[in-house]
Amino acid sequence: MTKKIKKNHTINRDASWMYFNRRILDEAANTANPLLERLSFLGIYSNNLDEFFRVRVATLQRMVEIEENIHPKNQDSKKILKKVLKLNEEYTHDFESIFLGLHTELQNENIYLIDESQLTTRQEEFINTFYNEELMNSLFPILVSRMSVEPELNDKSIYLAVKISSSEKK
């Protein structure tokens, strides 16, 4: 008599969510998409990941602690958390690579990532007004907490990619 082994063909929701967000990252890498849309996809990916870690990963970490204290033989949450963190590590490398490539492509189009210390007073006033009146409700932040590129990007900062040009006649 042969024993039938039942295989589980389901994917945990947290791993599934990581795979979904990976598809967004793939859109950022897709050169068939317009350059600024690709940058937006990086922002969406980053924003999604930030929320996922604040909610789901924090919950998984609490579940691991509970399982270790109450049900030490049940390690389901620990396995899921390990899988999610491994996927995140892999995707972070890809994110950084895509971002660096986009950074170069943006510069080729005369679009530069700069910080507030590089602005004139007039440029700063223009950007503040433009941001408050036009952009504030439609931006997606890009989380770059583990990147070190030139120019150096800082944790907990928001970067806005803009093209500044003079319309004044000389």
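The values are calculated or read from the model by the stated rules, or taken from the named source; none is laboratory data. Here the structure is a predicted model, which is why all the values come from computation and not from measurement. Heads up, the Cβs are rebuilt from the backbone with ideal geometry, glycines too, and the neighbour counts pull from every protein chain shown.
Would a scan of segment 15-22 turn up a residue that is in a helix (DSSP H, G or I), in contact with a helix residue (DSSP H, G or I) (Cβ under 7 Å, 6 or more places away or on another chain), under 26 Å from Leu135 (Cβ atoms) and in contact (Cβ under 8 Å) with a residue 40 or more places away in the chain? Yes, segment 15-22 has at least one match.
Taken over segment 109-122, the criterion of being out of contact with any strand residue (DSSP E or B) (no Cβ under 9 Å at 6 or more places or on another chain), of a type in the set (S, T, N, Q), part of a helix (DSSP H, G or I) and under 24 Å from Phe99 (Cβ atoms) is satisfied by Ser117 alone.
For segment 34-54, filtered to residues that are of a type in the set (A, V, I, L, M) and closer than 15 Å to Phe20 by Cβ, the residue that is surrounded by the fewest Cβ atoms within 10 Å (Cβ to Cβ) is Ile44. Residue by residue through segment 25-38, note down the ones that are touching a Phe, Trp or Tyr at 6+ places or on another chain (Cβ under 9 Å), among the aliphatic types (A, V, I, L, M) and more than 16 Å from Glu89 (Cα to Cα). Across segment 25-38, the qualifying residues are Ala28, Ala29. Among the residues of segment 68-82, is there at least one that is touching a Leu at 6+ places or on another chain (Cβ under 7 Å), at pLDDT 90 or above and surrounded by 14 or more Cβ atoms within 10 Å (Cβ to Cβ)? Yes, because at least one residue in segment 68-82 is touching a Leu at 6+ places or on another chain (Cβ under 7 Å), at pLDDT 90 or above and surrounded by 14 or more Cβ atoms within 10 Å (Cβ to Cβ). The set of residues from segment 7-37 being among the aliphatic types (A, V, I, L, M), more than 13 Å from the chain's Cα centre (by Cα) and closer than 16 Å to Lys79 by Cβ comprises Ile11, Ala15.
Do the conditions hold for Glu90, that is, is it more than 24 Å from the chain's Cα centre (by Cα), assigned to a helix (DSSP H, G or I) and either surrounded by 16 or more Cβ atoms within 10 Å (Cβ to Cβ) or not β-branched (Val, Ile, Thr) (or both)? The answer is no for Glu90.
Which one is modelled with the highest pLDDT, of the residues in segment 123-153 that are in a loop (DSSP other than H, G, I, E, B) and among the hydroxyl-bearing types (Ser, Thr, Tyr)? Out of the qualifying residues, it is Ser148. Does any residue of segment 68-81 turn out to be outside any helix (DSSP H, G or I) and on the phi > 0 side of the Ramachandran plot? No, segment 68-81 contains no residue that is outside any helix (DSSP H, G or I) and on the phi > 0 side of the Ramachandran plot.
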